[in-house]
Amino acid sequence: MAKKYDFDYIVIGSGPAGSAAAFGLVKAKKRIAIIEGHHYGGTNLNTYDVPYSVALDFSHTYSKILSYPEFKHQDFTFSFPTTVAKQLKATINTHGNSEAPFKESSIVCLNGYANFLDKHTIAVGTQKFTAEHFIIATGSHLKIGDIVGTESVNYLTPATAIKLRRLPQAVFIVGGGSTGCEIASYYAELGAKVIIAESSSRLLPREDKEVSSLLTDYFTKHLGIMVLPNSKVVTLAQDDFSKCVIFRNARTEKMVRVDCVVLATGSEPNLNHGLENAGVKYKPTGITVNRYFETSTKNIYAIGDCIGGESSTDRSDYEGSLLAANIVNKTRNPANYSGFIRSTNTFPEVATVGLNETDLTKLKRKYKKALIRLDTTTASKIFDFNYGFIKIISDMSGHIIGATIVAPHASIMAAEFALAIRHNLTAVQLASTPRIVNDYGYAIKLAAKKLAKK
């Protein structure tokens with residue numbers, strides 16, 4: 001008997017969400033295809049997480065070496081093409097832009113951009129394919145906003161900013177969020193003059209004020225970065241010699257010339273796939289889904305950045321895996337986002353788990369907190385690094401509901417708080433956990449002890 005559809009499931013997008021869903025469905029022996037219009041593996045493997053990890057590890061290490069007095073008069077040089085080559089090698093090693101892992105799992109790879117014709121039919125280029133079910137995992141793209149002149153200026157994006165083959169003398173970064181701060185850190189640590197403009201009143205506006213204050217202080221005093229809060233970039237222009245940035249600050253317009261401009265202005269969902277033809281409802285902020293990632297069209301699901309909310313590789317992978325598990329096991333388990341870590345890979349690193357004070361103020365929830373500065377720890381004296389703190393937040397009964405860490409290796413320490421929040425542990429239980437005294441992580445014990453006494 002002939003099959004009614006070409007595939008049981010077609011997954012649109014091969015990033016962390018789409019990949020997790022496709023590989024999870026293989027277990028149910030479904031006929032699966034995955035559509036990719038750019039790089040297999042998505043931004044995680046090809047343009048952000050993996051290459052940024054390589055680039056920032058290099059810049060942090062280079063900057064740290066130069067901070068030692070013993071090396072002050074040494075001539076350390078590096079090759080930009082070599083650092084870019086290391087990024088590419090890491091991408092290849094993690095199967096970036098490769099169809100092989102999918103084909104090895106008997107997943108059919110369809111190359112091109114997808115456009116729905118109806119709820120069971122999709123076009124990929126000049127070809128048409130049908131499926132009983134679709135999973136939309138199309139990710140997001142750079143949100144440029146209303147800056148004038150972007151169509152005529154060769155600006156950089158987060159995807160291209162760390163792939164230059166020579167170090168620019170002066171860089172202007174538009175956007176002081178997580179990505180903007182990472183790019184600023186990268187260039188400044190390697191020796192470029194950096195200006196970073198943020199339209200809100202502080203860097204990392206999603207984090208608590210102590211984070212913004214500390215990172216701004218470190219950026220200005222140790223990396224020479226010029227931080228411009230409350231600054232909205234309105235116009236870009238360029239000539240044969242430089243690029244011109246016009247920004248508005250305190251009701252006055254100012255102009256600066258630089259070698260390159262990086263737009264780190266956030267992202268917005270990829271929605272241009274003929275969703276209307278399939279009856280899939282969406283808003284500019286993302287595709288509308290219920291707790292089980294079901295869209296308004298019964299046979300179509302959506303996961304990852306295309307549904308809006310927190311943009312995170314970890315979250316996207318989790319959503320893809322959860323959806324596949326629900327399909328395979330015929331269950332309806334809703335997503336549980338407690339304990340997910342949000343990190344910024346500057347030096348010092350910033351990591352937030354659960355709720356922070358900014359969130360709790362908006363929610364008007366009562367809470368208790370304790371903060372321990374790194375300069376009170378033995379590790380700070382050993383490694384001669386004083387910038388950072390650990391702040392723990394609990395509900396009024398003492399159960400951990402959030403933590404903010406600014407420290408070397410903050411994202412590693414944050415895993416302990418993810419466990420605590422996920423399993424409803426208390427400050428007393430966290431304080432009783434043994435730790436290495438001469439490590440920055442010992443500040444967790446000190447903060448938990450302080451919180452347990454409140």
Subset of region 91-116 that is part of a helix (DSSP H, G or I) and among the β-branched types (Val, Ile, Thr) - its residue that is surrounded by the most Cβ atoms within 10 Å (Cβ to Cβ): Thr91
Top-ranked residue in region 333-352 [being surrounded by fewer than 20 Cβ atoms within 10 Å (Cβ to Cβ) and small (Gly, Ala, Ser); ranked as farthest from the chain's Cα centre (by Cα)]: Ala335
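Quick test for you: out of Ala85, Ala33, Ala20, Ala55, pick the one residue that is under 25 Å from the mean Cα position of the chain (by Cα) and either under 28 Å from Gly125 (Cβ atoms) or in a strand (DSSP E or B) (or both).
On the way: Ala85 fails: either under 28 Å from Gly125 (Cβ atoms) or in a strand (DSSP E or B) (or both); Ala33 fails: under 25 Å from the mean Cα position of the chain (by Cα); Ala55 fails: either under 28 Å from Gly125 (Cβ atoms) or in a strand (DSSP E or B) (or both).
Residue meeting the stated conditions: Ala20.
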Taking region 220-248 and keeping only residues that are under 30 Å from Thr361 (Cα atoms) and in contact (Cβ under 8 Å) with a residue 40 or more places away in the chain, one is left with Val227, Pro229, Val233
Tell me which residues, restricted to region 269-286, are outside any loop (DSSP other than H, G, I, E, B) and touching a Phe, Trp or Tyr at 6+ places or on another chain (Cβ under 6 Å). Leu275, Asn277, Ala278
Identify, by number, the condition in (1) in a loop (DSSP other than H, G, I, E, B); (2) touching a strand residue (DSSP E or B) at 6+ places or on another chain (Cβ under 9 Å) that Thr216 doesn't meet. (1)
Which residues, counting only those in region 65-82, are touching a residue at least 12 places away in the same chain (Cβ under 8 Å) and in a helix (DSSP H, G or I)? Phe80, Pro81
In the set Ile173, Ile122, the lone residue that is in a strand (DSSP E or B), crowded, with 24+ Cβ neighbours inside 10 Å, within 27 Å of the chain's Cα centre (by Cα) and touching a residue at least 40 places away in the same chain (Cβ under 8 Å) is Ile173
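Condition check ((1) among the charged types (D, E, K, R); (2) under 26 Å from Asp49 (Cα atoms)) across all residues:
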position: Lys281; (1), (2): yes, no
position: Phe293; (1), (2): no, yes
position: Ser343; (1), (2): no, yes
position: Ala351; (1), (2): no, yes
position: Gly354; (1), (2): no, yes
position: Asp359; (1), (2): yes, yes
Go through the residues of region 64-80 one by one and say whether even a single one is outside the structural domain of Ser321 (by TED's automatic domain parsing) and small (Gly, Ala, Ser). yes
Among (1) under 30 Å from Gly274 (Cα atoms); (2) in contact (Cβ under 8 Å) with a residue 12 or more places away in the chain; (3) more than 22 Å from the chain's Cα centre (by Cα), there is one condition Lys330 misses while meeting the rest; what is its number? (2)
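Name the residues in region 287-321 that are outside any loop (DSSP other than H, G, I, E, B), touching a strand residue (DSSP E or B) at 6+ places or on another chain (Cβ under 9 Å) and of a type in the set (D, E, K, R), would you? I'd like the intermediate steps shown before the answer.
Of all residues in region 287-321, those outside any loop (DSSP other than H, G, I, E, B) come to 287, 294, 300-302, 304-307, 313-321.
After this cut, where a residue has to be touching a strand residue (DSSP E or B) at 6+ places or on another chain (Cβ under 9 Å) as well, the list is 287, 294, 300-302, 304-307, 314, 320.
Listed by number, the residues that qualify are Glu294, Asp305, Asp314.
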Search region 368-411 for residues being surrounded by fewer than 16 Cβ atoms within 10 Å (Cβ to Cβ) and among the hydroxyl-bearing types (Ser, Thr, Tyr), and hand back the single one that is nearest to Leu430 (Cα to Cα). Ser397
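The values are calculated or read from the model by the stated rules, or taken from the named source; none is laboratory data. From a predicted model like this one, the values you see are computed outputs, not experimental measurements. Ideal geometry is used to build each Cβ from the backbone, glycine not excepted, and the neighbour counts take in all protein chains shown.
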